[in-house]
Amino acid sequence: MANGAVLKYIFGSMSSGKSLHLLVKAHNFDAKNIPILVIKPYSERIHSRIGVERKCTSITNKDNLFNLAIKHRFCKWILVDECQFLTQLQVEQLARVVDTIGINVVCYGLRTDFKSKLFAGSKRLFELADSIEEIKSYCDCGNRAIINARFDANGKMVTEGEQLLLGGDETYRAICRECFFNNITKEEMVTDNETN
């Protein structure tokens, strides 16, 4: 790690305040005139659910993040929102940014998808990050929310479909493991009863 720079991964379920955390950090750096680069896959804006937002650099899964960092090597920090959508190679490129250029990188994102499976970018960050921190949030039942469950228009939990489906509170809800499996069991029971 050049100059003591670190790769940090901050994860949490939906509505846990990850984007707000990033926006506060960016605001503090801006106030102290510390040069930063803020990036997000497929979007030029970072929004928090409480209404705070800022412009950012949009990237795709084809962008080389090491080359992007070279162009912004004056930066002291790179802040990444929605890092679960990074490719494994892009996470490795960010690790190289830390190790060879000496820019600190903080990635904010989800751990798992609506099927409770790790996103590729999240998995690689768990493997490579120098520091990992969870922003905790809670299920309606009071347990710690760790799964970002997807629901259809009728309020029924969905467990099949494409991993990437953009949506907010109308599509996703952070729930605990127990509620996730209870919902799956209920759906399986309905399906089993219908076939018998």
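The values are calculated or read from the model by the stated rules, or taken from the named source; none is laboratory data. Being a predicted model, the structure only gives us computed values, none of them experimental. Cβ coordinates were reconstructed from backbone atoms using ideal geometry, including for glycine residues, and neighbour counts include every protein chain displayed.
Does region 1-22 hold any residues that are assigned to a helix (DSSP H, G or I) and out of contact with any strand residue (DSSP E or B) (no Cβ under 6 Å at 6 or more places or on another chain), and which are they? Result: ALA2, ASN3, GLY4, LEU20, HIS21. Under 18 Å from the mean Cα position of the chain (by Cα), within 25 Å of ARG45 (Cα to Cα) and surrounded by fewer than 18 Cβ atoms within 10 Å (Cβ to Cβ): does that describe ILE78? Considered against the rule, which asks whether it is under 18 Å from the mean Cα position of the chain (by Cα), within 25 Å of ARG45 (Cα to Cα) and surrounded by fewer than 18 Cβ atoms within 10 Å (Cβ to Cβ), ILE78 comes out as no. Picking from residues in region 131-157 that are farther than 17 Å from GLN84 by Cβ and surrounded by 16 or more Cβ atoms within 10 Å (Cβ to Cβ), the one that is modelled with the highest pLDDT is CYS139.
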